[in-house]
Amino acid sequence: MTQHSQETVIGRITSVFGVKGWLKVFSFTDPREGILNYRDWTLDLDGKRISATLEEGRRQGQGIVVRLKGINDRDVAHRYCGAEIRVPTAELPALPEGEYYWHQLEGLEVFTVDDECLGTVHHLIETGSNDVLVVKSNAASIDQRERLIPYLPDQVVRDVDLASRRMVVDWDPEF
């Protein structure tokens, strides 16, 4: 999931819903309905950027369904399946001190409390019990291993410094 410098991916269009141009959306927001708070979307589909306006949307079972402005036909809607939904990062609400959006953590270099470099946060995984950092090796890493490190502030994650693009974890490099 690549990021444009001033945008954040908040979901993905997965399939069509019904015959009147509605689309099923997998929302990355928490709660899932949070995606409906953003009206102006940029859709990224196969490298093409498409401006879209959310007309209406609602929860449907475990997912979200939406209707975009100007799309009133199933066949037209089908063309948008697979698109990432992006919004300007500036539109995201401010978080309390010590909380971070995933896109802020991606790209941080990860060091142990003993100052050993484990690599760079590539992405995160939501597991239900806690999020997991996927840390891939980089040129400064102590080895070439990929690590899955639980994102547990104050237990495993000891410090996040966005300005210096650095995270410190209490994690055994052998694990």
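Mind checking whether some residue in the stretch 129-137 is more than 22 Å from the chain's Cα centre (by Cα) and over 25 Å from R32 (Cα atoms)? Checked the stretch 129-137: no residue is more than 22 Å from the chain's Cα centre (by Cα) and over 25 Å from R32 (Cα atoms). Tell me, please, whether a residue that is among the acidic types (D, E), farther than 30 Å from D143 by Cβ and in contact (Cβ under 8 Å) with a residue 40 or more places away in the chain can be found in the stretch 78-86. Within the stretch 78-86 (the criterion being among the acidic types (D, E), farther than 30 Å from D143 by Cβ and in contact (Cβ under 8 Å) with a residue 40 or more places away in the chain), the answer is yes, since at least one residue qualifies. For Y80, the test of being part of a loop (DSSP other than H, G, I, E, B), within 14 Å of the chain's Cα centre (by Cα) and either surrounded by 12 or more Cβ atoms within 10 Å (Cβ to Cβ) or not aliphatic (A, V, I, L, M) (or both) is failed.
If you go through the stretch 102-125 and pick out every residue that is under 19 Å from F28 (Cα atoms) and touching a Ser or Thr at 6+ places or on another chain (Cβ under 7 Å), you end up with 2. Each residue in the stretch 5-52 was checked for being on the phi < 0 side of the Ramachandran plot, surrounded by fewer than 15 Cβ atoms within 10 Å (Cβ to Cβ), not in a strand (DSSP E or B) and not hydrophobic (A, V, I, L, M, F, W, C), and 8 of them qualify.
Restricting attention to the stretch 126-150, the residues that are touching a residue at least 12 places away in the same chain (Cβ under 8 Å), of a type in the set (S, T, N, Q) and under 26 Å from S27 (Cβ atoms) total 1. A search for C-beta distances below 6 Å between a residue of the stretch 154-175 that is of a type in the set (D, E) and any residue that is in a loop (DSSP other than H, G, I, E, B), counting only pairs 6+ apart in sequence or on different chains, returns D170/V113; D170/V156. Tell me yes or no: at least one residue of the stretch 64-87 is within 23 Å of L124 (Cα to Cα) and at pLDDT below 95. Checked the stretch 64-87: no residue is within 23 Å of L124 (Cα to Cα) and at pLDDT below 95.
What is the residue count in the stretch 87-97 for residues that are without any contact (Cβ under 8 Å) to a residue 60 or more places away in the chain and either in a loop (DSSP other than H, G, I, E, B) or among the aliphatic types (A, V, I, L, M) (or both)? So that I can check it myself, show each step before the final result.
Residues of the stretch 87-97 without any contact (Cβ under 8 Å) to a residue 60 or more places away in the chain: 91, 93-97.
Adding the requirement that they be either in a loop (DSSP other than H, G, I, E, B) or among the aliphatic types (A, V, I, L, M) (or both) leaves 93-97.
Matching residues across the stretch 87-97 total 5.
The values are calculated or read from the model by the stated rules, or taken from the named source; none is laboratory data. It should be emphasised that the depicted structure is a prediction, and the values quoted were computed from it without experimental measurement. In this analysis, Cβ positions are derived from the backbone assuming ideal geometry, glycine residues included, and neighbour counts consider all displayed protein chains.
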